[in-house]
1. Can we say residue 130 is of a type outside the set (A, V, I, L, M, F, W, C), surrounded by fewer than 22 Cβ atoms within 10 Å (Cβ to Cβ) and touching a residue at least 60 places away in the same chain (Cβ under 8 Å)?
2. Given (1) farther than 24 Å from residue 42 by Cβ; (2) modelled with pLDDT of 75 or more, identify the lone condition not met by residue 348.
3. I'd like the full set of residues that are in contact (Cβ under 8 Å) with a residue 40 or more places away in the chain and closer than 17 Å to residue 299 by Cβ, limited to segment 133-142.
4. So residue 109 clears everything in (1) in contact (Cβ under 8 Å) with a residue 60 or more places away in the chain; (2) buried (at least 17 other Cβ atoms within 10 Å of the Cβ); (3) not aliphatic (A, V, I, L, M) except one condition, right? Which one?
5. Consider segment 123-135. How many of its residues are in contact with a Phe, Trp or Tyr (Cβ under 6 Å, 6 or more places away or on another chain) and within 22 Å of residue 76 (Cβ to Cβ)?
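The values are calculated or read from the model by the stated rules, or taken from the named source; none is laboratory data. Here the structure is a predicted model, which is why all the values come from computation and not from measurement. With ideal geometry, Cβ positions are generated from the backbone for all residues, glycine too; neighbour counts draw on all protein chains shown.
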Amino acid sequence: MWPFTRKSYPQTDEELLAVINGDNGTACDPLTVPPVKAAIETIANSAACLDLHLVERDDAAKDVDHPALNLLRGQVNEWTSSFQLIRDLLIEAMLRDQGGLAWVNRIADKPVEIIHYRPGVITYQEEESRELLYRLSGRPVLASDVIHVRAPFGKAPVTLARRAILAAAAMETHAQKLWSNGARPGGVLEVPQNVGDDAVKRIKAGWAAAHEGTSNTGRTAILWAGTKYSQTALNSTDAQYIENRRYQMEEIARAFNMSPVMLGDLTKSSYANAWQKNREFLGITLAPWLRLVEAAFNRALLTDEERARLTFQFDIDDLSRVDLQQRATAISSLVSSRVLNPNEARTWLDAGLAPYDGGNEFANPHTGASQAGANDNQDEEEAA
């Protein structure tokens, strides 16, 4: 029997919330904080939308026929699509320290379905050697049958960014309470001496009924029995509330290693740098997650012999494309420099353009002397 004596990582949603909330008892589901939800959703959906290939390591020109690829391009089981599997594995890897886990069901050593159980059904123990020993509903299973996607450092981004997430949630709570009171800061009611406790309670209740809440905003205040009202001014933190909230969004974006632009903050975005931001997202944010998923699929869906020559690979062309004008300029330059021929360049457009006669020639279309057939007459004259 394997020595399962402790749990190293939170396995359920309740344990995850306990990690996020810390010791202060403040309830905070990280997905209710919009920047956190946006970051997780952007990364997971972007990865799941990409085409997945299984190719030869020495020749990635075409896909290799394999039962695992058929699963990952359609339904991994009767109730889960491949899109859902990849998306949900990454979501769990970003939300939970134990990562995203799925079990591969094999018949005659061939994968026939992949089951993504709810959190806590598949558990594991990390040994001193970092070997992971897995259990499915308490039953030991082979590591080669488990797809496991874990975040760096052995901690989910939401765990490492716990304080930033709690600060953002606290600001939202502050805003909600402020606006529920008619967007008014607190004030002080000064009453004459010796009015009695009952009178104070009635004055307070009457003031709250008449002036608190958004429906009472702008009402004329009526004071009685010598009562005076002094409004409390907004402090500097309240006055810079928008800046504070934007800073917390930036902190959360840093936790996911992505630009705030990808979370909807267009303060520092422009048409000129939009493409650069997209490249940063692909190369810095998304690519490491794609490699984690590829490695997890390679380990659990391929045999030792197959891993030596085959690899799963996401097609990132859809994300690396630029606008039509920039693409046209790049393609024209590559054709002119004879890196691509016109027929190869037409395939880059994904517009269903068929090859044409003479399109396989490597020639510069801007200089007549280098075009295909340009020297045919000269060759005939020399032959004569």
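1. Numbers: of a type outside the set (A, V, I, L, M, F, W, C): yes; surrounded by fewer than 22 Cβ atoms within 10 Å (Cβ to Cβ): yes; touching a residue at least 60 places away in the same chain (Cβ under 8 Å): no.
Against the criterion (of a type outside the set (A, V, I, L, M, F, W, C), surrounded by fewer than 22 Cβ atoms within 10 Å (Cβ to Cβ) and touching a residue at least 60 places away in the same chain (Cβ under 8 Å)), residue 130 does not qualify.
2. (2)
3. Across segment 133-142, the qualifying residue is only 133.
4. So the condition that residue 109 fails would be (2).
5. Here is the first cut: in segment 123-135, the ones in contact with a Phe, Trp or Tyr (Cβ under 6 Å, 6 or more places away or on another chain) are 124-125, 132-134.
Within this subset, residues satisfying the condition of being within 22 Å of residue 76 (Cβ to Cβ) are 124, 132, 134.
Looking only at that region, the number is 3.
Listed here are the residues, each with its yes/no results for (1) within 26 Å of residue 286 (Cβ to Cβ); (2) at pLDDT 90 or above; (3) surrounded by 13 or more Cβ atoms within 10 Å (Cβ to Cβ).
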residue: 1; (1), (2), (3): no, no, no
residue: 4; (1), (2), (3): no, no, yes
residue: 7; (1), (2), (3): no, no, yes
residue: 11; (1), (2), (3): no, no, yes
residue: 17; (1), (2), (3): no, no, yes
residue: 53; (1), (2), (3): yes, yes, yes
residue: 73; (1), (2), (3): yes, yes, yes
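This table checks each residue for (1) in a strand (DSSP E or B); (2) under 18 Å from residue 300 (Cβ atoms); (3) in contact with a Leu (Cβ under 9 Å, 6 or more places away or on another chain).
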site	(1), (2), (3)
42	no, no, yes
46	no, no, yes
69	no, yes, yes
89	no, yes, yes
93	no, yes, yes
106	yes, yes, no
114	yes, yes, yes
